[in-house]
Each structure stands twice: as C-alpha cells, then as structure tokens.
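Report on the structure given below.
The values are calculated or read from the model by the stated rules, or taken from the named source; none is laboratory data. Predicted model only: the values in this text are computed from it and were never measured. Ideal geometry is used to build each Cβ from the backbone, glycine not excepted, and the neighbour counts take in all protein chains shown. Remember, those area values only see protein heavy atoms, side chains included, never the ligands or the DNA or RNA. Shrake-Rupley method; radii C 1.70, N 1.55, O 1.52, S 1.80 Å.
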Amino acid sequence: MRKLSAALIFLVAAATTGRPNWTVSSAQTEGPRDDVQHRHVVLTDLETSAHAVIDLALFSTKSCTLRVIDQATTPRGDLAHVMQREKCLAGVNGGYFSPDYAPIGLVIVDGRTIAPLRRARLLTGVLTASLRGVQIMRTREFPRQQKFDAAVQCGPFLVDLGRPVRGLEQTHQARRTFAVVAKSDRAALGFCSETSLAELADILASAQLADDFKISRALNLDGGSSSGFWFARESGVFSIPEQKTVRDFVAIVPK
C-alpha cells in the first residue's frame, strides 16, 4: 500500500505541475548589467532523451520595460539591424501578421494603437507594458480603457498560474519565441529550439531556468521562421536571426 500511495502521489503531482521530466543539463549567464541578463540553457527530457535549448533575455521591470517596434512600410529590416539602430538591450520578433504584412491582433506602439484587439481562437493573450509594469493578460482580461505604452496580442497561452496550459499541440516541432512574467518584478523574452507548444509549456512551468525565477505566465509569440532572438552582451552581440522578414519586434529598453 505504501508503494501504491507513493505512486499515486507522484501521478497527482505530475498532473498538477506538469510533466517533471525536463532538467537543466547546462546553463550560462551573461549580461551588460545586473538587471538585464542573457541566460543560455540546455535541457534534457529524462523520459525521451530529447534536448531543447532556450535563450532568455531576463530583466527587472523596475529598471527596464518593453517597447514594440513596428515596420509598417518597406524597407523592413531584420531583428539585429533594428535592435542596434534603436539601441535596444535585447529583443525578439513580435506578433502574427498576414502575407501582406498587416498585423493580426492588437498592436500598440509608443502609446498609439496600430491594430485593434481581436477575438480569435489563437489570440488568447496580450503582452503589455505600461506604468503598471510588464504584464501578460488573457484577451478577455484586457482593459480597453487603460493606457498602454506597448502591447502585442498573440498566443496561445503557455503557462498560467505557474502551470502549463493543457490541450496545446503536442507533435509539431518548430522554433518558438515567447514572453514570460515572474514574481519579484522580473520578466523575460525568450527563444526555444524546435519543440512542440506542449513541450515548451512543460519546460517553462517545471524547469528551473534561472535562480529565483518562477514563471507565473507565459505567452507564445509568432514562431517558426519568424522566430528570432538578439541580445547585446558585454562580450559582443548574441543573435539568432529570423528566417523571414517580420512586421514587428518586441524589445527590452531602459526606463
């Protein structure tokens, strides 16, 4: 009975917190300053021996915020060029867009709404920056009367209340870009090597990606060939270029 009870406890814990199989194999941290750091993490799934690599741009929301950089017209630059031109600390690609580069979902740039909030199955969340800090909201939670400096609507939600969102796609492997918020006024933009959405949600909810960094919410951004990551390190720029031109970027900038 004791063995059975222990097994049941383990199964309940796994169902509650997400599959606890992803462990950190190695990790490196570097940054130009203490409140903005690049974290490069290699993970292994103990069950399948699969590997994943995550790059995080970790920042304090007390000293930094997010900025959405829009590319409404041609010529549209790549992530590395735009981040350097705008003197950003780090950045990733942003939200979804149509073949003619029209944004799909809410986009707010420097306090101005570029595209409206939309109700769609995939667009489940909104990444925002305002005087209240950096937040990830469910689309239904978005306060239309509040003023935001920056926002991008995307999805799906990956983590909520510290737990992986259930029902996510489990088989399609692709490059991923995402945003996360954690306790203690910390947040991050991130890039993950080819995984499914369900695998990424499990990683973000269960793996210890950084010290004192428990993710409360995570939102998927545009992935696949749109995914890119850029960070200005002390030792030089770290860059994972996107594979196609995108409409907008999300950048970390000083307050």
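Give me a comma-separated list of calculated 3J(HN,Hα) values for the range 184-199, in order, Karplus coefficients 6.51, -1.76, 1.60 applied at θ = phi - 60°, integers in Hz, x for any Gly or Pro.
With coefficients 6.51, -1.76 and 1.60, one gets 6, 6, 10, 8, 7, 9, x, 9, 10, 4, 4, 9, 7, 5, 5, 5 Hz.
Using Cα springs under 10 Å in a Gaussian network model of the chain, which residue among 37, 145, 173 shows the largest mean-square fluctuation?
Largest GNM mean-square fluctuation: 145.
Enumerate the calculated ³J(HN,Hα) couplings along the range 111-124 in order (Karplus 6.51 cos²θ - 1.76 cosθ + 1.60, θ = phi - 60°), each rounded to whole Hz, writing x wherever the residue is Gly or Pro.
Rounded to whole hertz, the list is x, 10, 6, 8, 9, x, 5, 10, 9, 8, 4, 7, 8, 8.
Which order do you get for 54, 240 if you rank them by accessible area with a 1.4 Å probe, largest at the top?
Details: 54 0, 240 35 Å².
The ordering from most to least exposed comes out as 240, 54.
Subtract the Cα-Cα distance of residue 147 and residue 33 from 0.36 nm times their separation in residues, and report this length gain in nm to one decimal. Walk me through the intermediate numbers first.
Numbers: separation 114, 0.36 × 114 = 41.04 nm, distance 2.95 nm.
My answer for the length gained is 38.1 nm.
What is the calculated FRET efficiency for residue 24 to residue 196, with r their C-beta to C-beta distance and R₀ = 25 Å, to the nearest 0.05? Show your work: numbers first, answer last.
Details: r = 19 Å, r/R0 = 0.77.
Efficiency at R0 = 25 Å is approximately 0.80.
Highest GNM mean-square fluctuation, the chain, Cα pairs closer than 10 Å: which of 185, 211, 222?
Result for the chain, Cα springs under 10 Å: 211 fluctuates most.
For a quick check, take a GNM of the chain with Cα springs below 10 Å and name the residue from 229, 97, 178 with the largest mean-square fluctuation.
So, out of 229, 97, 178, the one fluctuating most is 97.
List the residues, sorted by chain then number, that are 5 or more residues from residue 63 or on another chain and whose placed amide H is less than 5 Å from its amide H.
Those lying under 5 Å, H to H, from residue 63: there are none.
Let me test this: with uniform point scatterers at the alpha carbons of the chain, what is the Debye-based log₁₀ I(q)/I(0) at q = 0.07, 0.14 1/Å?
Once normalised to I(0) and log-transformed, intensities are -0.22, -0.89.
Measuring from a point 7 Å past the Cα of residue 101 along Cα-to-C-beta, which residues in the range 211-255 have an amide N at less than 20 Å?
So the set is 222-229, 241-251.
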